[in-house]
Each structure stands twice: as C-alpha cells, then as structure tokens.
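Every number here is computed from the coordinates shown, using simple stated rules; none is lab data. These figures come from a predicted structure and were not determined experimentally. Neighbour counts are summed over all protein chains in view; Cβ atoms, including those assigned to glycine, are modelled from backbone coordinates with ideal geometry.
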Amino acid sequence: MKSTYFLDSMRAQEKWRIEECINLMPSENQTSPQARALLSADFVNRYTLTVNAEYAGEYMENSYRGTRITTEIERKAEELAREVYGCKYACVEPLSGHIAAMIAIVSTTSRGDKVLAISEEFGGYDGYAQKYIPDIVGLRAGKLPFEASKWNLDYEAAAAQIRRQKPKVVILGASLILFPYDMPPIKEACDGVGATLLYDGSHVMGLIAGGEFQKPLRQGADILYGSTHKTLPGPQGGIVLTDSKEMDKAIRGNLTWRLMDNAHWNRIASLGQTLLEMRRFGPAYARQVVRNSKRLGKELKERGVPIMFEELGFSESHQLLMDRRALKARYHLTVNDFANRMERSNLIIDAVGRIGTCELTRIGMKEKHLPELADLFAAAAGGKAVKKQVKALRNQFDMDFRYR
Ligand SMILES: Cc1ncc(COP(=O)(O)O)c(C=O)c1O
C-alpha cells in the first residue's frame, strides 16, 4: 500500500462527497470548517479524567496531568449546551447517540425492568429492539402503539398500555421522525406509574437547539439525549441533557469506568464550537431546514416522486419519507436499488426511503433552489444520468456555510 493511501483517500472522499454530491442523508451533516479543524487539535492526543475520589488509599482529583485546558473546554462545552438547550445539566461525554442512549437507560432502570419504545417497523431506533440494548442491560422491551397513517403514536392506546404494563422507562424519538409528539398524555401516563420519560432526539437535536420541532424538556421529558451530528451540525458524538439533579448524578455515575473512559476531547472541543455557532445561527438554520423539507416534499411530489403525508404538510422535521410501494410501482425498484440509482447521479439518499434536508440547508440552499434540485432528483429517479448537473448545482454553493 502506498504511504499516502489514507491521505489520498481523504482527498478523494472530500472531492466526491463535498464538491460533487448533494447529500440528502437525514443522519449526516457538515460541521463548520472551524469545528472540523478542532477535530485534529492536540486534544486528540490527550486525556483528562476527573476522579475526585480515593484511589489506592489516596485522594486523587484527576488521573492525568497537563489537563488544565482540556478540562476547561469540556466545562465550557457543557455550559454552552445548557444555554442552547435551556436546561440545568448537560453531559457532552457520550461518544455517540447510541452510547448516550445506553447512559440514559442504565441511569434510569434496573435489571428486569420494562422499557417501551417506538417499533423499528415505524422508524423506531433499532438499538431499542430486545436483542440490542435491552438484552445487554437486562431489560424487557415492548413497543408503543403507533398510527402509521399519521406517522405518530396512537396516544390513547399508548397511555393505556403504559398504565397496564407499568414500564420503568418510556422512550420517545425515532430514526424516522417526521412530526413532533403530543407529550402531555404520555407524560401523564408515565407519572401515574412512576415511569421515567426519555426523549431520543438524535435526529432532531439541531432543530430543538434552534427552537423548532418541539421542546422535549419543557413538555415532560426527564432526559433528552442523542447524536450531535444529524440536524445538529456537529462532530459525530452524543449528548445527554436533563433538569433533574438526581438524574444528572446518576448519569455522571455511569460515565467513567462504567460506560466510558476516554471521552475524545477533540470531539468535545468541536462540539463546543458547534454549540457556539448554534447559539447564534441555530434559529435561522432550524427554521430553514423545516421550510426546505416542506418545499422539497411539494416539488418532488409534483414531479411524481411518491413523498408521503402531503395532507400533513409532508414533514415538520428535516426528513421526508417515500412510499415504498408507490416507488416500486413507478420505478420498478426496491428502495435499496433506488438509492443506488440516485448515487450514480451523485444524489446521496439512504436505503430506507428517507430524504433529509439538513445538509443542503447547511450549504445554503433555500426554497428557491429546490425546484432545480427536484428536477434533477426526478430525472435521476427516472433513470437519466444527471451527475454533471448535480455537480454544477452543488458548486453554486461553494462551501459557503451561512450558519456558522
Ligand atoms: C433515533 C436514533 N437514536 C440513536 C442513534 C444512534 O446514534 P449514533 O449513530 O450517534 O450512535 C440513531 C442513529 O441513527 C438514531 O437514529
């Protein structure tokens, strides 16, 4: 292998995925250049582990030395997270949304408890299926009743199930998330049986930071957690937020030497930078993401792409959903093969039928640019190769990040 193989790959990836593709993945985004630069800062070489406890019979504050600045950036990132999300406690250590979920769940349950979440069939996160997180931490997993026609919970049935099954934890939030949840009836049912209400905001953390979608901690969630790199345009990682002192204590108690050791402080510095940017540009960015979803949904639908939920305004988030059956009838392709066809034209979508507007918003696209994008999408969907035109449209935006 050439000694420059990995550096060459980096350049090839950047040229292709950043300069030549339009990314419509709802689970990806682009950090600002500043947040990206911080990922290769010296923090990537360092540790800081605040212990403040007896270790081998002697009191120890921190297992490491030379930690002054590293410890300080974590404190500052937490401070910004509290400010941006309007909450009392923030933890920026989780290495990913999945680890954030494990920390929130382990901090609020004991072995043998029941957890209810949205089924994978309706876009719920796969990690909450019995064989994944619940099996690892010894929980019994159940599913919340869902109304597919509204892409939302069946609230009456869900509240009744919570009262009947008395779970220890109920989790709202999903990987395929189009509309906010009506949280009060779920919160009331949880309160009635002493259940903790968690909100997995992995997909919508950037919208929530900008005041869009919903305010889970104001609407009844005990803990809000998730990824930091989907609608929140930060580095890949996780975050956990709460207003409860006891829950924060339990969360902290499940970090060092339980679910975590090294927290990747370069990532934390980069996340801090992202939160600083969101404090200023978050509301404009989040508003534009939702506007772009609604408009792109309309433009695609008008061109025959089967986007669902027109009657509900298509979406209140960064996601649109294609109807699999209609897609097959129109293009004679499975969603998987359809995504491959789109990739041949440098339009990157996922293989479950979701289309995301967070990254196109990040690079500066507004409603007025979306008819052209929809034309290209529809042409590529019909089997025409439009790679060159996609690249030309992408280049109009020229890495001009408006929201930083
Ligand atoms: C709802 C939800 N929760 C958790 C995760 C896991 O996040 P991560 O990939 O950051 O570990 C995902 C990932 O897509 C997700 O969609």
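Classification of the stretch 82-151 by its C-alpha gyration tensor yields an oblate form. The axis ratio a/c (a ≥ b ≥ c) is 1.5 or more, and b/c is at least a/b. Couplings 3J(HN,Hα) of the stretch 301-313, computed from phi: 4, 4, 9, x, 6, x, 7, 8, 6, 4, 5, 9, x Hz, in residue order, whole Hz [Karplus 6.51 cos²θ - 1.76 cosθ + 1.60, θ = phi - 60°; x for Gly and Pro]. Scaled against the 2.2 N^0.38 Å expected of a compact globular protein of N residues, the Cα radius of gyration of the stretch 35-275 reads 1.02. Under conditions of 25 °C and 0.890 mPa s, the stretch 257-329 yields 162 µm² s⁻¹ as its translational diffusion coefficient, taking Rh as the Kirkwood radius over Cα pairs in the Stokes-Einstein equation.
Less than 12 Å Cβ to Cβ from residue 18, Lys/Arg counted +1 and Asp/Glu -1: what total charge do the surrounding residues give?
The answer is +1.
Across the stretch 366-382, coupling constants 3J(HN,Hα) worked out from phi with the 6.51/-1.76/1.60 Karplus curve, θ = phi - 60°, read 10, 3, 5, 8, 7, x, 5, 4, 5, 4, 5, 4, 5, 5, 4, 4, x Hz, and Gly and Pro carry x. For the stretch 142-222, the orientation-averaged shadow of the C-alpha convex hull comes to 4.9 nm² (one quarter of the hull surface). I need the shape label for the chain. Rule: rounded when a/c is under 1.5, else prolate if a/b > b/c, else oblate, with a, b, c from the alpha carbon gyration tensor. Oblate shape, in that a/c is at least 1.5 and b/c is the bigger or equal ratio.
List the residues whose amide H sits under 5 Å from the amide H of residue 140, counting only those 5 or more places along or on another chain, with H placed 1.01 Å from N in the peptide plane. Placed amide hydrogens put 112, 113, 114, 115 under 5 Å from residue 140. Within the stretch 85-177, the trypsin sites (Lys or Arg not before Pro) that combine a DSSP coil assignment with at most 15 other C-beta atoms in a 10 angstrom radius are 88, 111, 131. Amide H contacts of residue 146 (H built 1.01 Å from N, in plane; Pro and chain starts excluded): 154 sit under 5 Å, all sequence-distant by 5 or more or on other chains.
Rounded to the nearest 20, the size of the Cβ-charge dipole of the stretch 35-275 about its Cα centre is 140 debye, with Lys and Arg at +1 and Asp and Glu at -1.
Each DSSP beta bridge with both residues in the chain is either parallel or antiparallel, and the antiparallel ones are about 50%. Karplus-derived 3J(HN,Hα) values for the stretch 105-118, using 6.51 cos²θ - 1.76 cosθ + 1.60 with θ = phi - 60°, are 5, 4, 7, 10, 9, 10, 4, x, 5, 9, 10, 10, 9, 6 Hz; glycine and proline are entered as x. Result for the chain in a Gaussian network model with C-alpha springs under 10 Å: among 345, 317, 149, the largest mean-square fluctuation is at 149.
Exposure proxy shown here: for 4, 256, 228, 334, the number of other Cβ atoms within 10 Å sets the order, fewest to most, as 4, 334, 256, 228.
Projected onto the charge dipole of the stretch 281-395 (+1 at Lys/Arg Cβ, -1 at Asp/Glu Cβ, origin at the Cα centre), which of 385, 335, 349 gives the Cα projection farthest towards the positive end? Going by the Cα projections, it comes out as 385.
Per residue, the convex hull spanned by the Cα atoms of the stretch 281-395 amounts to 88 cubic angstrom. Charge tally for residue 306 (other residues, Cβ to Cβ under 11 Å; Lys, Arg +1; Asp, Glu -1): +4.
Only Lys, Arg, Asp and Glu carry charge here, each on its Cβ (+1 for the first two, -1 for the last two); on that basis the chain has a dipole of about 760 debye about its Cα centre. Only Cα pairs under 8 Å and at least 6 apart count here; give the relative contact order of the chain as a rounded whole percent. Here the relative contact order equals 23 percent. If you run the Gaussian network model on the chain, springs between alpha carbon atoms under 10 Å, then out of 27, 270, 119 the most flexible one is 119.
Give the order of 91, 358 when sorted by the count of other beta carbons within 10 angstrom, beginning with the fewest.
91, 358
A straight Cα-to-Cα reach below 16 Å connects residue 15 with the lysines 387, 388, 391, residues fewer than 8 places away in its own chain not being considered.
Secondary-structure-derived ellipticity at 222 nm for the chain, considering helices only, amounts to -12500 deg cm²/dmol, per-run term -39500 (n - 2.57) for DSSP H runs with n ≥ 4.
A cut-off of 5 Å between modelled amide H atoms, ignoring neighbours fewer than 5 places along the same chain, links residue 62 with 51, 52. Summing +1 for each Lys or Arg and -1 for each Asp or Glu among the other residues whose beta-carbon sits under 10 angstrom from that of residue 348 gives -3.
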